[in-house]
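J.: Can you keep this structure in mind? I'll have questions shortly.
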Amino acid sequence: MNRISSHQALIVGFSLIIVLLGGTVVQSWQLLEQLSAQSRENIEQSVQIASVMQELRERGTDLERSSRQYLLVRQNTFRASFDATLAQALNLAKTMEARQDAQLRPLLQEWRNTAQKLADGLDIPSAESVLGARLTQLTEIYENIQRTSQQWLEDNNQRTLTVLEAKRRQLFLQLLLVLVIAILTAVVLCYWLTRPLRQIEQAILLIGHGYLEDKIAIHGPTDLRKLGARLEWLRQHLSNLKSNHKNLFHYMTQEMKVPVVAIREGCDLYNVSAGAENQGSLIDMMRHNAELLQRQLESILRMDVIFESNRLQRQPVRLSAFLREIVETHAADCAARKVHLRLDAPDVSMQIDPDKVRAVLEVFLANALDFSPEDGEILLRAAIRNNVLRLECRDQGPGVAQKDLEYIFNPFYCGEPRAQTSSTQRHGVGLVIARELSNIMGGTACYANNETTGACFYMEIPCEN
């Protein structure tokens with residue numbers, strides 16, 4: 001079976017079903033033909049028996065009339081008529097005797113003997129005394145023949161019906177067997193074809209969600225097994241790419257992190273040993289940049305952990321407490337920049353991926369802090385509608401230029417220079433990461449026009465209360 005392709009299996013299965021059903025149809029047609037032939041034969045026999053019995057009855061009447069006429073006048077003309085009628089009747093009885101059932105033959109033979117005795121008794125002196133008895137006996141035998149022939153016809157019809165009923169039961173059992181075989185064939189084909197299809201579907205889902213550890217093995221028709229082999233090649237290729245990407249990423253970050261740490265330590269030593277005021281300012285600037293670079297590398301490492309798996313890791317979370325924790329982590333930065341951070345969120349429980357949601361909100365809040373003026377306000381708002389969680393971050397900064405709206409989620413796009421209140425260097429990757437994480441969670445990240453001024457970035461993801 002494993003060497004047969006799916007279309008070959010379908011052809012074989014449908015051919016088997018067609019052959020079985022076709023054989024049943026042919027047998028039904030043959031049974032119908034047999035029934036039709038038997039019915040015609042029974043009708044012909046009934047008509048023939050009725051015709052012979054009618055003629056035999058007429059010959060019996062002729063024998064009675066001619067015999068009485070002969071005994072009355074004793075003329076040879078009436079005797080010749082009697083003999084001719086008798087010959088016809090005997091031949092008719094003999095013909096009927098040869099064609100009918102064994103039950104009629106003794107009666108027909110008796111009728112012939114009685115008729116012959118009637119002819120022989122016409123020449124004896126006491127013919128008139130025995131004529132009535134002979135004629136009465138001949139009539140009784142005829143009535144027995146008529147009843148027996150009618151019974152023979154009924155028995156013959158009953159035998160035909162019995163055979164027909166047996167054939168009908170046989171045909172019904174055969175049709176039932178054919179249907180059972182056809183259903184079993186369809187079930188076996190369905191299972192044999194759908195099982196590898198389900199395996200392929202599961203393998204595609206696992207690859208799509210980042211599970212690349214398990215080997216893909218598809219069992220079934222040859223064409224589906226070839227497709228499974230292609231999926232296995234794709235899994236190995238993606239696994240190698242993922243491994244190479246991970247190794248390269250860690251190699252680069254580690255190689256960059258070591259000199260940055262060394263710069264910081266050198267700056268600390270130099271700052272301690274050198275007491276000049278200008279040198280101290282210079283070293284503070286170097287230290288600040290080194291710390292900034294270190295934080296950027298650590299952020300990249302955290303993002304790598306987030307993107308390490310595309311699958312969701314939903315957890316039950318109290319929404320207001322979760323968002324308040326994020327707000328509190330930015331309280332110091334907001335106080336240093338004289339920016340007010342306000343939270344508006346319902347106190348509900350839901351199933352979300354907290355790490356990915358936190359990473360997206362970190363991007364939104366970082367942008368809002370960088371472009372918020374002094375005494376400005378940042379609003380972090382949460383709303384739930386139709387099992388969709390909307391998280392938006394509004395600020396009172398310069399907003400996004402109209403011509404930059406369709407490009408702000410493109411990698412490394414920073415747009416035209418705006419009134420940035422911090423000295424943080426923008427790289428154009430934060431919003432890209434935010435949208436990618438939102439897509440992983442089954443939602444999206446977008447920009448909406450603020451009611452007054454500033455920018456409004458929001459994320460919408462499905463949630464479960």
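The values are calculated or read from the model by the stated rules, or taken from the named source; none is laboratory data. This structure is a prediction, so every number in the text was calculated from the model and none was measured. Cβ: placed from backbone, ideal geometry, glycine included. Neighbour counts: every protein chain shown.
J.: Is it true that some residue in the stretch 214-232 is surrounded by 13 or more Cβ atoms within 10 Å (Cβ to Cβ), more than 24 Å from S5 (Cβ to Cβ) and out of contact with any Gly (no Cβ under 7 Å at 6 or more places or on another chain)?
T.: There is no residue in the stretch 214-232 that is surrounded by 13 or more Cβ atoms within 10 Å (Cβ to Cβ), more than 24 Å from S5 (Cβ to Cβ) and out of contact with any Gly (no Cβ under 7 Å at 6 or more places or on another chain).
J.: Pick from L389, L380, L365: which is within 19 Å of A321 (Cα to Cα) and touching a Pro at 6+ places or on another chain (Cβ under 8 Å)? Outline the logic, then answer.
T.: On the way: L380 fails: touching a Pro at 6+ places or on another chain (Cβ under 8 Å); L365 fails: touching a Pro at 6+ places or on another chain (Cβ under 8 Å).
Exactly one of L389, L380, L365 is within 19 Å of A321 (Cα to Cα) and touching a Pro at 6+ places or on another chain (Cβ under 8 Å), namely L389.
Residue-wise test of (1) out of contact with any Phe, Trp or Tyr (no Cβ under 6 Å at 6 or more places or on another chain); (2) closer than 24 Å to G454 by Cα; (3) of a type in the set (D, E, K, R); (4) buried (at least 18 other Cβ atoms within 10 Å of the Cβ).
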| residue | (1), (2), (3), (4) |
| --- | --- |
| D344 | yes, yes, yes, no |
| I352 | yes, no, no, yes |
| E362 | yes, yes, yes, yes |
| A368 | yes, yes, no, yes |
| F371 | yes, yes, no, yes |
| D375 | yes, yes, yes, no |
| R385 | yes, no, yes, no |
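J.: Test of understanding: among A84, A98, which residue is surrounded by fewer than 13 Cβ atoms within 10 Å (Cβ to Cβ) and either of a type in the set (S, T, N, Q) or modelled with pLDDT of 80 or more (or both)?
T.: A84
J.: Consider the stretch 201-235. How many of its residues are without any contact (Cβ under 8 Å) to a residue 40 or more places away in the chain, part of a helix (DSSP H, G or I) and not aliphatic (A, V, I, L, M)?
T.: Within the stretch 201-235, residues that are without any contact (Cβ under 8 Å) to a residue 40 or more places away in the chain, part of a helix (DSSP H, G or I) and not aliphatic (A, V, I, L, M) number 8.
J.: Right, here's the next one. I want to confirm something. Restricting to the stretch 441-453 and keeping residues that are surrounded by fewer than 19 Cβ atoms within 10 Å (Cβ to Cβ), at negative phi and not hydroxyl-bearing (S, T, Y), which single residue is modelled with the lowest pLDDT?
T.: Step one: filter the stretch 441-453 for residues surrounded by fewer than 19 Cβ atoms within 10 Å (Cβ to Cβ), giving 442, 444, 446-453.
Restricting the remaining residues to those that are at negative phi gives 444, 446-453.
Next cut, not hydroxyl-bearing (S, T, Y) only: 446, 448-451.
On the way: C446: 87, A448: 82, N449: 71, N450: 65, E451: 62.
In this case the residue turns out to be E451.
J.: Next up: Which residues, taken from the stretch 359-376, are touching a Leu at 6+ places or on another chain (Cβ under 8 Å) and more than 24 Å from Q313 (Cα to Cα)?
T.: Once the filter is applied, which keeps residues that are touching a Leu at 6+ places or on another chain (Cβ under 8 Å) and more than 24 Å from Q313 (Cα to Cα), the stretch 359-376 yields only N367.
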